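The values are calculated or read from the model by the stated rules, or taken from the named source; none is laboratory data. All values derive from a computational prediction rather than experimental measurement. Every residue, glycine as well, gets a Cβ built from its backbone with ideal geometry; the counts of neighbours run over all protein chains shown. Quick note on the areas: whole protein, heavy atoms, side chains included, nothing else; ligands and nucleic acids left out. Shrake-Rupley method; radii C 1.70, N 1.55, O 1.52, S 1.80 Å.
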Amino acid sequence: MRERGMTDRDLRRALMTATSCRLQPNGRWRVVSADLDGDAVDMIVVIDDGVIVVTLFDD
């Protein structure tokens, strides 16, 4: 997260204001949103044993 310049607040905002959330065939969720600066954020979200794991990626 830090390598991409994303703060905890950016991540929280992106997850709370997602513009798209699609279930993938592998059971993960692809989430599209924006950070606090309005920059696009693409994430893969997995919920595993009550833990939310978020991976940020570039298209």
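Okay, here's what the table says:
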read-out: Sulfur and carbon atoms: percent of accessible area, the range 6-59 [1.4 Å]; value: 50 percent
read-out: Ordering of 35-44, 20-29 by packing [mean C-beta count within 10 Å, highest first]; value: 35-44, 20-29
read-out: Solvent-accessible heavy-atom area per residue, rounded to whole Å², over the range 20-59 at 1.4 Å; value: 70 Å²
